[in-house]
Structures are given as structure tokens and as C-alpha cells.
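Engineer: Below is the structure I would like to discuss, written out as C-alpha cells.
Computed from the coordinates by the stated procedures, all read-outs in this text should not be read as laboratory data. These numbers come from a predicted model, not from an experiment. All Cβ positions, glycine included, derive from the backbone under ideal geometry; neighbour counts span all protein chains shown.
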Amino acid sequence: MQALAQYFTARTGCARLSRLAILTLMGFSIAIGAPAAPAASPGTQALARFFSQVDSFQARFTQIVLDENFNTTDQAHGIVWMQRPGRFRWDYAAPEAQQIVGDGARVWLYDIALEQVTVRDQAQALGHAPAVLLAGGGDLEQNYKVEDLGAQGRLHWVNLIPRQEDGGFTEVRIGFEDQYLRVMELLDTFAQRTRITFVDLQENAPIDDSLFEFVAPPGIDIIEQTEP
């Protein structure tokens, strides 16, 4: 995971946050155009439905990182919320409890053990690819080549290949079950695979606005970062 951590350290400027900051790739937050898939299939239909019909999303998640030999090198779990347009929150559970909160304008990366918050402009923090997929603006077809991978067990898969090579990832695979998002896999340029599995999903349920309003506890160090 070290190489991937170095990539996100460069983007966030905070080494310990780098492992979990991968989830800023998946803020599910800024509405983007629904994909015009070349051929209708259960997977591409589910992808189009997710972007066109889902305005809010919450779920429990499990995240694991696999090396090129499919050995697990890292794992975490927690809860995610998103509200389009532009807002998301990822809460990671102990032992490395962290929070990633985006309100549409800025992103807070809160490392509870370090008692430190890093704040960045949301557009700058999310970057381009693959942030554009679920948290960035724009058109999906413009930023990704969409491939239907067919069914594997209960899941229907689509593969998204970035049209630009500046995002650190070569593929993003999304698995749907009965048109609901269940799994995302991100393959990076170091042949590491980050797999995030979602359970207890709720779509379009009301979410309290306060979840997307980060208030730093007293005594916490706050680091404001801006692009040079």
C-alpha cells in the first residue's frame, strides 16, 4: 500500500490520512450526466440509474486493499453518506478512526488519533480521475470508456477506463446487484486493487444536513491547504 499512500500523500499533504483519503475518490456527491452506454445491459442500465435517479445514498462499507498477488495489505470499515449535489461523509471505525467530510465547497480530513484536521478546496482535493466518476462534475462518457463485463455470480459488472492518465488508477469496476450498488474496485498503477463492499444500503432517504457540516473539536490542529 505504500506506493498508493505516497500518491495520496502528494495530493493531501498528510501521510497518515493518505490511506483512507482514497475514499474522496468516491464522494458520490456532485451530480454528473448519466452514461449513454453503447449497448443496454443489466450492468450499464444500473449504472445509468445510479447517476440519474439516486440523489442520496447511505450504507455501511468494508474496504480492503490487495497487492498484485491478491494478498490483503490493508482493511477498514465504516459508514458512508452522500447527498447530491456535492456533499459526502465517510466515517472510518477504530482502530484508525478518521472522518472525511465534504460540504460541496471544502473537504475536511480528520485524523482522530493525531488530533489533526486537514482542510482543502473540494475541487482541488478530488482532482480529476477517478474523482470525476462519483464526486466530480462533468460527463461520465467524456471522462471514461464504459465496458460491460457481464454477470459474475449475483453481480452485474461494468468497467470504467479513464480517458486521461493523471488519476493514479487504470480501471474502476462497479458491481450491481438487482440494480443496487454493491461493490467498487479501483485498480491503481502499482497493480494494487482497492475493493469497497456496501451493505445495508438506503437510497433517497432523508439525511440530516448536520452530517455534512464539520465542526472541529476544541484543541484540534487545523491545517488549511491551498494549491500553490
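Engineer: Please list, by residue number, every one of the trypsin sites (Lys or Arg not before Pro) in the stretch 156-228 that is coil in DSSP and has at most 13 other beta-carbon atoms within 10 Å. Provide the component values of the computation, followed by the final result.
Structural biologist: On the way: sites: ARG163, ARG173, ARG182, ARG193, ARG195; in loops: ARG163.
Taking the stretch 156-228 and a limit of 13 other Cβ atoms within 10 Å, the loop trypsin sites (Lys or Arg not before Pro) found are ARG163.
Engineer: Something else: Points 7 angstrom from Cα along the Cβ direction at ALA205 and ALA93: gap in nanometres?
Structural biologist: 1.7 nm
Engineer: Choose one of ILE174, PHE212, GLN192: the residue whose Cα lies farthest towards the positive end of the charge dipole of the stretch 164-213 (beta-carbon charges +1 Lys, Arg; -1 Asp, Glu; about the Cα centre).
Structural biologist: GLN192
Engineer: Okay, moving on. What is the spin-label model distance, in nm, from THR72 to SER52 if the labels are put 7 Å beyond Cα along the C-beta direction?
Structural biologist: 3.8 nm
Engineer: Shifting gears a bit: Highest mean first, what order results for 85-97, 61-73, 147-159, 101-113 on Cβ atoms within 10 Å? Show your work: numbers first, answer last.
Structural biologist: Values: 85-97: 17.8, 61-73: 13.9, 147-159: 16.2, 101-113: 19.9.
The most tightly packed comes first, giving 101-113, 85-97, 147-159, 61-73.
Engineer: Using only Cα atoms, locate the centre of the stretch 90-113 and the centre of the stretch 36-81, then give the distance between them in Å, rounded to an integer.
Structural biologist: Result: 19 Å between the Cα centres.
Engineer: Find how many whole Å separate the alpha carbon centroid of the stretch 196-225 from the alpha carbon centroid of the stretch 144-192.
Structural biologist: Spelled out, the Cα-based centre of one part sits 25 Å from the other.
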